[in-house]
1. Determine which single condition Ala44 fails, assuming it passes every other condition in (1) closer than 25 Å to Trp26 by Cβ; (2) more than 16 Å from the ligand (Cβ to nearest atom).
2. Give region 38-51 a look and list any residue that's free of Cβ contacts under 8 Å to residues at least 60 places away in the same chain and either under 13 Å from the mean Cα position of the chain (by Cα) or not in a loop (DSSP other than H, G, I, E, B) (or both), or say none.
3. Can you pull out the residues in region 137-186 that are touching a residue at least 40 places away in the same chain (Cβ under 8 Å), farther than 30 Å from Glu207 by Cα and not in a helix (DSSP H, G or I)?
4. Return the pairs, sorted by first residue and then second, in which the second residue is charged (D, E, K, R) and within 10 Å of the ligand (Cβ to nearest atom), the first residue lies in region 11-37 and is closer than 17 Å to Gly280 by Cα, the beta carbons are less than 8 Å apart, and the residues are 6+ apart or on different chains.
5. Looking at region 260-283, which of its residues are farther than 22 Å from Leu178 by Cβ, open to solvent by 30 Å² or more (accessible area, probe 1.4 Å) and among the small types (Gly, Ala, Ser)?
6. Considering only residues of region 55-94 that are more than 7 Å from the ligand (Cβ to nearest atom) and among the hydroxyl-bearing types (Ser, Thr, Tyr), which is surrounded by the most Cβ atoms within 10 Å (Cβ to Cβ)?
7. Please go through region 52-103 and give me each residue that is of a type in the set (Lys, Arg) and without any contact (Cβ under 8 Å) to a residue 40 or more places away in the chain, ordered by number.
Amino acid sequence: MAQPGITAPANEEAVRAWDTVLYERWKQHREVFVESLGDLTDEAFSRMPPPEGGRCIDVGCGFGDTTQRLAELTGPEGFALGTDSSSRFIDDARDEAAAAGAHNVEFEVSDAQTASWDPTFDYAFSRMGTQFFAAPVPAMRAVRGALVPGGRLNKVCWRRKQDSPIWAETEAVVQQFLTRPEEYEADTCGPGPFSLGNPDTCRGILEAAGFTDIDLVARDFDYRMGRDMDAAIDAMLAIGPGAELIRLNGEHGERRRPEIAEAVADRFASWRQEDGSIVGRASVWFVTATNPG
Ligand SMILES: C[S@@+](CC[C@H](N)C(=O)[O-])C[C@H]1O[C@@H](n2cnc3c(N)ncnc32)[C@H](O)[C@@H]1O
């Protein structure tokens, strides 16, 4: 098991952001940022199912819904450990698993960059949890170190920002009003959601971490950004690259939020569905690899 609570110095700011402002925004907009990924997650699991009776580790597990799913898929003899550097996500994950009566699931607070897990897992999973490491190679080496020889990695991460209109177009609107300030007080989320968007980077990190059989499959999909226009605007200006620009601009960003929201509504208008929800296109990598031992 990793030692809980140890954070690599280079990662402190990102870990703090994930445990504070980002946790709060994620929780508030969970319907958009977690539940909208349900079908995509099922697809990732059906592409590479966790082994029945196997031991699984879920890296950057957030609220632990994927950890619970791993535990279900491995069956009563299987086991899933959810890990995350944020104690607030892990507290929620523990409470939710207990409320769901899940028995073969546990959670721990650990920073993947400083973790050293014993090689006792057959399968490592991560949905959007591996893009935020200041030092991605040591982190992915630790994930590989958690796997038995022949153990498999299955992860989902965003492709490049420009491959996902939901992110690129939102950011383009915000950029009409704001630029990235040279100096700012806010903690950032680390390298960021699109840090593995370049396939050579994504593959290179895994190769350097010692993985083999690395495979990346691009998957474009419909992303439900909100049940209505207000919900979509709130969510997309709370999380993601447009939201980050507002956040880093502090009070100035907040002052401009109403006019930004109006311009975003214009941009999203053509994505409105018959039921009023807003659905845009997005794109991820399905990444699989093996620990050769
Ligand atoms: C985009 S969220 C994804 C959460 C969850 N996997 C999901 O799909 O709903 C990224 C998660 O990675 C976690 N995280 C960020 N840096 C981490 C690190 N160095 N070690 C472990 N977890 C980290 C965050 O706390 C957050 O829960």
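1. (2)
2. Gly38, Asp42, Ser46
3. Gln176, Phe177, Leu178, Thr179, Arg180, Pro181, Tyr184, Glu185, Ala186
4. Once the first residue is closer than 17 Å to Gly280 by Cα and sits in region 11-37, its partners that are charged (D, E, K, R) and within 10 Å of the ligand (Cβ to nearest atom) give Val34/Asp65; Leu37/Arg127.
5. Matches in region 260-283: Ser270 only.
6. In this case the residue turns out to be Thr67.
7. Those that are of a type in the set (Lys, Arg) and without any contact (Cβ under 8 Å) to a residue 40 or more places away in the chain: Arg69, Arg94.
Results for (1) surrounded by fewer than 20 Cβ atoms within 10 Å (Cβ to Cβ); (2) within 14 Å of the ligand (Cβ to nearest atom); (3) over 17 Å from Ala17 (Cβ atoms), shown as yes or no for each residue.
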site	(1), (2), (3)
Glu106	yes, no, yes
Thr120	yes, no, yes
Tyr123	no, no, yes
Phe133	no, yes, no
Arg160	yes, no, yes
Ile166	no, no, yes
Ala172	yes, no, yes
Leu196	no, yes, yes
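The values are calculated or read from the model by the stated rules, or taken from the named source; none is laboratory data. In this text the structure is predicted, and so the values were computed from the model without any measurement. For neighbour counting, all protein chains shown are included, and Cβ atoms are generated from backbone atoms with ideal geometry for every residue, glycine included. For the accessible areas, the whole protein counts, side chains as well, though only heavy atoms, and no ligand, DNA or RNA atoms are used. Shrake-Rupley method; radii C 1.70, N 1.55, O 1.52, S 1.80 Å.
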